[in-house]
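So the structure is just underneath, and the comments pick up after that.
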Amino acid sequence: MTEDPWLVVGLGNPGAQYAGNRHNVGQMVLDELARRTGSSFGSRGGILSRRPQAVVAETRLGTLPGGAPGPRVVLAKPTTYMNVSGGPVASLAQYYDVPPERVVMVHDELDIPYAELKLKRGGGEGGHNGLRDTSKALGTKDYVRVRVGVGRPPGRMDPADFVLRDFSAAERKDLPWLVDAAADAVELVVVDGLEKAQLRVHTKG
């Protein structure tokens with residue numbers, strides 16, 4: 001097993017007023033991964049000063065055959081606003097020497113029905129400002145995306161307004177399941193690779 005780390009990033013906006021927004025579901029997934037591994041986000045000695053605009057937790061995800069701990073992972077939540085997420089992602093990737101193919105972005109996706117998940121590497125950003133800025137900062141679109149479906153806005157609502165609203169009461173009933181499933185998907189990617197993870201996630205149901 002390679003000891004090269006993965007960088008898993010949960011996209012969102014900083015501040016309590018945004019915490020329950022659809023746009024912040026990526027950070028909800030990162031919180032679940034930290035909970036599972038008993039990790040906490042924050043500084044390690046003086047290193048955080050060289051990790052711009054993000055909080056991190058270094059841990060291992062999943063379990064390998066035979067029961068050994070899974071791969072090394074850096075969990076990261078940018079503390080910038082969504083549309084300038086790329087700088088922190090690129091800085092962390094450089095600091096930890098993580099190539100783009102081992103960067104996993106967890107984010108909300110308007111083009112997928114609520115509570116569905118899709119995994120892919122590369123491709124377009126679908127109008128997602130956090131992904132667009134990340135692609136620009138990394139100089140490539142060739143990173144993994146865990147796309148968490150939040151559905152389309154109702155009626156004539158502006159998509160930008162829709163993602164900055166909290167999940168509805170009906171959606172919140174399924175939200176813990178969705179966050180758990182997305183955390184499982186991240187684990188599958190880092191332990192088994194993207195292709196096997198896609199087979200598992202995309203064929204459910």
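The values are calculated or read from the model by the stated rules, or taken from the named source; none is laboratory data. The model shown is predicted, which means the values in this text are computed figures rather than measured ones. Here Cβ is always computed from backbone atoms with ideal geometry, including for glycine, and neighbour counts include all displayed protein chains. Note: areas computed on protein heavy atoms with side chains; ligands, DNA, RNA excluded. Shrake-Rupley method; radii C 1.70, N 1.55, O 1.52, S 1.80 Å.
Summary of computed values
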| quantity | calculated |
| --- | --- |
| Solvent exposure of the range 59-126 as accessible area per residue, Å², 1.4 Å probe | 40 |
| Range in the chain, longest, excluding exposed trypsin sites (Lys or Arg not before Pro) [loop by DSSP; at most 15 other beta-carbon atoms within 10 Å] | 45-155 |
| Additional length obtainable on full extension of the chain from ALA19 to GLU171, 0.36 nm per residue less Cα span | 53.2 nm |
| For the chain, share of DSSP beta bridges that run antiparallel, in % to the nearest 5 | 50 |
| Given LYS141/LYS173; LYS77/LYS136; LYS173/LYS196; LYS136/LYS196; LYS136/LYS173, the pairs whose alpha carbons are separated by over 25 Å | LYS141/LYS173; LYS173/LYS196; LYS136/LYS196; LYS136/LYS173 |
| Theoretical ellipticity at 222 nm over the chain - DSSP helices of four or more residues, -39500 (n - 2.57) apiece, nearest 500 | -10500 deg cm²/dmol |
| Distance histogram in 10 Å bins (all Cα pairs of the chain, percent per bin) | 9, 38, 39, 13, 1, 0 |
